[in-house]
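Heads up: the structure comes next, in structure tokens.
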Amino acid sequence: MPTSRRGDGHPSPAAVSAVGLRKAYGDKTVLDGIDLHIPSGTVFALLGPNGAGKTTAVKILSTLISADGGQARVAGHDLAASPDGVRAAIGVTGQFSAVDGLITGEENMLLMADLHHLPKREGRRVAADLLERFDLVDAAKKPAQSYSGGMKRRLDIAMTLVGNPRIIFLDEPTTGLDPRSRHNMWQIIRELVTGGVTVFLTTQYLEEADQLADRIAVLNDGRIAAEGTADELKRLVPGGHVRLRFSDPSAYRSATSALGAVTRDDEALALQIPSDGSQRELRSVLDRLDSAGIEADELTVHTPDLDDVFFALTGSAAALRSDQPKEDAR
Ligand SMILES: Nc1ncnc2c1ncn2[C@@H]1O[C@H](COP(=O)(O)OP(=O)(O)O)[C@@H](O)[C@H]1O
Ligand SMILES: [Mg+2]
């Protein structure tokens, strides 16, 4: 099994590792050879526009459908050889809620406890704990169909946690949520990870991946177009710059001639210098200012954000948004 090294020097098994996963529906190739390596205890975000194949990847890795090719291990179990082992170790919160609207939140929880064969008392204790943890105690006795979108998602995740999974798949957990519920969900995800759970998350929102994920993979045209930390991805694309601002117009003019190729903002007395944000490039800017005896009032380094990354990597950037979520069509 692939392993990665933790800081303490002990190898920690990968939560998910996949090589060459493929899936087609008819003659439409959805996944065209996907490799993944997700260390235990981390958050991984699979980022892509609608129809990119995110849900397909989640369904394969959670044994709901089978791949046409490739291999994967989840929680140490081979997907094909030991699907039951995989199922016992994971929880899945799908894009469509598993919540039964006709019964109460508490009844939904107890149903899950039954499905996991917990003894009655243990089931009631686990349900009560989770309802408390997800701030659903007041709503516990009400039919779940009366819940808000955010409450339903919380109940959905609480239900997933009844089985005490080590790896959780969250398929677009915040699509369609208002900003406040979205931030609540982010907090919940962070707490899961603090508790040692590995989170595999899909999202259309760059900001969400940026906020939550240790590593991000951008899915485009059935392939991983780029993979890395948010910072690594941002470094892949141009758009970074250093911005210098002056209050003294003559210092501004001297800097303009000392620095050469810059973008000027005469009104704000600000200069923009293309830069990858590295120490070496920063030093060279500062050295040139120093030797001309110029002092800037403000220096800021701007790295490109994940929007820039997606624009650079894919042709369908318009499908991805980093602002307010909207209801997913699917
Ligand atoms: N059961 C299916 N039969 C045929 N096509 C499907 C099926 N499931 C998904 N697809 C197609 O596969 C592509 C990827 O779908 P999906 O994995 O749901 O994308 P995402 O979750 O990224 O929005 C889409 O073009 C979709 O129409
Ligand atoms: Mg989907």
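Quick note: the coordinates plus some simple rules give every number you see, no bench work behind them. It should be emphasised that the depicted structure is a prediction, and the values quoted were computed from it without experimental measurement. No Cβ is skipped: glycine too gets one built from the backbone with ideal geometry, and neighbour counts run over all protein chains shown.
If you go through the range 247-284 and keep only what is hydrophobic (A, V, I, L, M, F, W, C) and farther than 16 Å from T303 by Cα, you end up with A251, A255, A258, L259, A261, V262, A268, L269, A270.
Within the range 28-39, being under 15 Å from the mean Cα position of the chain (by Cα) and either buried (at least 18 other Cβ atoms within 10 Å of the Cβ) or more than 16 Å from A15 (Cα to Cα) (or both) holds for L36, I38, P39.
Would you check if A292 is in contact (Cβ under 8 Å) with a residue 40 or more places away in the chain, surrounded by 13 or more Cβ atoms within 10 Å (Cβ to Cβ) and over 38 Å from the mean Cα position of the chain (by Cα)? Criteria not met by A292.
Every listed requirement among (1) within 14 Å of ligand 1 (Cβ to nearest atom); (2) over 19 Å from R154 (Cα atoms) is met by V92 save one, (2). Considering only residues that are within 19 Å of K142 (Cα to Cα) and polar (S, T, N, Q), which ones fall in the range 78-128? Of everything in the range 78-128, those that are within 19 Å of K142 (Cα to Cα) and polar (S, T, N, Q) turn out to be S97, T104, N108. Pull up the range 116-132, narrow it to residues that are touching a residue at least 24 places away in the same chain (Cβ under 8 Å) and among the hydrophobic types (A, V, I, L, M, F, W, C), then point me to the one that is surrounded by the most Cβ atoms within 10 Å (Cβ to Cβ). Among those residues, the one meeting the criterion is A127. Within the range 74-108, being touching a residue at least 24 places away in the same chain (Cβ under 8 Å) and hydroxyl-bearing (S, T, Y) holds for T93, S97, T104. Which of the residues belonging to the range 139-158 are assigned to a loop (DSSP other than H, G, I, E, B) and either among the aromatic types (F, W, Y) or more than 19 Å from D129 (Cα to Cα) (or both)? Once the filter is applied, which keeps residues that are assigned to a loop (DSSP other than H, G, I, E, B) and either among the aromatic types (F, W, Y) or more than 19 Å from D129 (Cα to Cα) (or both), the range 139-158 yields Y147, S148. Among the residues of the range 179-218, those that are within 16 Å of ligand 2 (Cβ to nearest atom) and of a type in the set (A, V, I, L, M) comprise L201, A209, A217, V218.
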